[in-house]
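Just below is one structure, and these are the notes that go with it.
The values are calculated or read from the model by the stated rules, or taken from the named source; none is laboratory data. Fair warning: this is a prediction, and the values are worked out from it, not measured in the lab. Cβ placement follows ideal geometry from the backbone for every residue including glycine, while neighbour counts extend to all protein chains displayed. Each accessible area value is taken on the protein alone, full model and side chains, heavy atoms only, with ligands, DNA and RNA left out. Shrake-Rupley method; radii C 1.70, N 1.55, O 1.52, S 1.80 Å.
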Amino acid sequence: MRAQRDPPRPRPPAPADDWALFLDVDGCLLDFADAPDAVTVPASLHATLQRLSQRLRGALALVSGRALLRIDELFAPMRLPAAGLHGLERRSTVAQVSPPPIPSALAAIHEEAREVAAAWPGTLVEDKGSALGLHWRAEPRAATVLRTFAEAVLPRLPGYRLQHGDHVVELRPSAGDKGEAILALLEEVPFRGRVPVFVGDDLTDECGFDAVNARHGISILVGARADSAATHALHDPAAVRAWLRESAVLLAPRAAP
C-alpha cells in the first residue's frame with residue numbers, strides 16, 4: 001500500500017498590522033550563491049523592507065547565520081533589528097547582545113580547515129568570529145571530507161557544537177539559537193504583544209518555527225522540505241520577495257477619501 005503524503009503547506013495569509021515579522025536572509029530573502037560574499041541584494045528589496053518596517057512600526061527583524069556586521073553591509077544603509085550567528089548576537093532598539101569570546105583553539109583549527117579546503121577548489125572556510133563555517137556549495141563532493149573534519153576537531157572546542165545547514169557545517173558555541181533570539185525580541189518593544197511570523201528555509205530555522213508556533217504565530221518554510229514544523233510555505237526566495245512586495249502594498253496606508 002502506498003504511503004499517504006502530507007498535504008502541501010498553504011501559502012501564507014495576507015499580512016496584518018499586528019505582525020512581528022522575522023526574516024532569514026540566505027535562501028529566504030536572497031538566492032544562494034557559491035560563496036556568502038557573492039550573494040546579490042535586489043535593489044527593490046531595500047524599499048520593500050523599509051515600507052514593511054515602517055508600516056509594522058519597526059517590528060521587522062532579520063534573523064541570520066551571518067554576523068551582524070555582514071548583515072548590515074548587505075542591507076546598508078538600512079540598519080534593522082537583527083539576530084546574527086544563529087542567535088549568538090542580537091541587536092534591537094533597546095538591547096545589544098554580543099557573541100561569546102573566541103576560544104584560543106579556534107585559530108589553529110581555522111588554519112587546519114584552510115589546508116583541508118585547499119585540496120577541494122570551490123570550498124570555502126568562513127571566519128565568523130566565534131564560529132567557523134565550512135562551505136561546499138560549489139563542490140558537493142567535498143561534503144563528507146568537511147563534515148568529517150568538523151566532527152574530528154569538535155572535541156578541541158569545549159562548549160561548542162556542530163550546526164548543519166544547506167551545503168555547510170559550522171563549528172559554533174552551543175548556547176543560543178534562532179528560536180531563542182526570536183523569543184527574546186518578542187519581549188521587547190516594538191515586537192512585544194504582536195503575532196510572530198518567521199520565514200526561513202534551512203534546518204537551522206526549525207527552532208525559529210517551533211518558537212513562533214508555540215506563540216500561536218505563523219511559520220513559513222521556503223522550499224518543499226517535508227521534515228519541517230512550518231505551517232505555511234513559499235516556493236523560493238523569488239516567491240518570498242514577491243510576497244513581501246504584495247505585503248508592503250496591502251499594508252500601505254490608505255489614501256484619504
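Please specify each residue of the range 79-106 satisfying the condition of being more than 17 Å from the chain's Cα centre (by Cα) and of a type in the set (G, A, S).
A95, S98, S104, A105
Is it fair to say G129 is within 21 Å of the chain's Cα centre (by Cα) and either farther than 20 Å from G65 by Cα or small (G, A, S) (or both)?
Yes, satisfied.
Name the residues in the range 132-166 that are within 28 Å of P196 (Cα to Cα) and touching a His at 6+ places or on another chain (Cβ under 8 Å), would you? Give the derivation first.
The first filter runs over the range 132-166 and keeps only residues within 28 Å of P196 (Cα to Cα), leaving 161-166.
If the condition is that a residue be within 28 Å of P196 (Cα to Cα) and touching a His at 6+ places or on another chain (Cβ under 8 Å), then Q163 is the only one that fits.
Given the options R194, R215, R141, R147, name the one that is without any contact (Cβ under 8 Å) to a residue 60 or more places away in the chain and within 24 Å of R55 (Cβ to Cβ).
One residue alone meets the criteria, R215.
Among all residue pairs at least 6 apart or on different chains, which show Cβ distances below 6 Å where the first residue, located in the range 6-34, is charged (D, E, K, R) and the second is in a loop (DSSP other than H, G, I, E, B)?
D18/R194; D34/R137; D34/A138
Any chance the range 94-109 includes a residue that's surrounded by 23 or more Cβ atoms within 10 Å (Cβ to Cβ) and part of a loop (DSSP other than H, G, I, E, B)?
No - not one qualifying residue is present in the range 94-109.
Here is a list of conditions, (1) under 15 Å from V199 (Cα atoms); (2) modelled with pLDDT of 90 or more; (3) assigned to a loop (DSSP other than H, G, I, E, B), and A61 meets all of them except one; can you say which number that is?
The single condition A61 does not satisfy is (3).
Please work out which residue is most open to solvent (accessible area, probe 1.4 Å), limiting yourself to the range 111-147 and to residues that are out of contact with any helix residue (DSSP H, G or I) (no Cβ under 9 Å at 6 or more places or on another chain) and over 22 Å from A33 (Cα atoms).
E115
Among (1) more than 18 Å from the chain's Cα centre (by Cα); (2) open to solvent by 10 Å² or more (accessible area, probe 1.4 Å); (3) closer than 16 Å to V240 by Cα, which single condition is L52 missing?
Only one criterion in (1) more than 18 Å from the chain's Cα centre (by Cα); (2) open to solvent by 10 Å² or more (accessible area, probe 1.4 Å); (3) closer than 16 Å to V240 by Cα is unmet by L52, namely (2).
Pick from the range 165-197 the residues that are touching a helix residue (DSSP H, G or I) at 6+ places or on another chain (Cβ under 6 Å) and open to solvent by 30 Å² or more (accessible area, probe 1.4 Å): which of them is farthest from C207 (Cα to Cα)?
The qualifying residue farthest from C207 (Cα to Cα) is L183.
Restricting to the range 72-88, give me the number of residues that are over 23 Å from H167 (Cα atoms) and open to solvent by less than 40 Å² (accessible area, probe 1.4 Å).
Summing the residues that are over 23 Å from H167 (Cα atoms) and open to solvent by less than 40 Å² (accessible area, probe 1.4 Å) in the range 72-88 gives 6.
Name the pairs whose Cβ atoms lie under 6 Å apart, with the first residue in the range 111-127 and under 12 Å from L146 (Cβ atoms), the second among the charged types (D, E, K, R) and open to solvent by less than 60 Å² (accessible area, probe 1.4 Å), and 6 or more positions between them or separate chains?
Hits for this filter: W120/E139; G122/E139; T123/E139.
Need pairs with beta-carbon distance below 6 Å; first residue of a type in the set (S, T, Y) and within the range 82-110, second part of a loop (DSSP other than H, G, I, E, B) and surrounded by fewer than 21 Cβ atoms within 10 Å (Cβ to Cβ); sequence gap 6+ or separate chains.
Between residues of the range 82-110 that are of a type in the set (S, T, Y) and residues that are part of a loop (DSSP other than H, G, I, E, B) and surrounded by fewer than 21 Cβ atoms within 10 Å (Cβ to Cβ), the close pairs are S92/E188.
If I filter the range 211-249 down to residues being farther than 20 Å from D26 by Cβ, part of a helix (DSSP H, G or I) and of a type outside the set (S, T, Y), which single residue comes out as modelled with the lowest pLDDT?
Within the range 211-249, the match that is modelled with the lowest pLDDT is V249.
Scan the range 111-166 residue by residue and report those that are among the acidic types (D, E) and not in a helix (DSSP H, G or I).
E126, D127, E139, D166 - these are the residues of the range 111-166 that are among the acidic types (D, E) and not in a helix (DSSP H, G or I).
Here is a check on your reading of the model: is R90 at negative phi, of a type in the set (D, E, K, R) and outside any helix (DSSP H, G or I)?
Details: at negative phi: yes; of a type in the set (D, E, K, R): yes; outside any helix (DSSP H, G or I): yes.
Judged against the criteria, R90 is a match.
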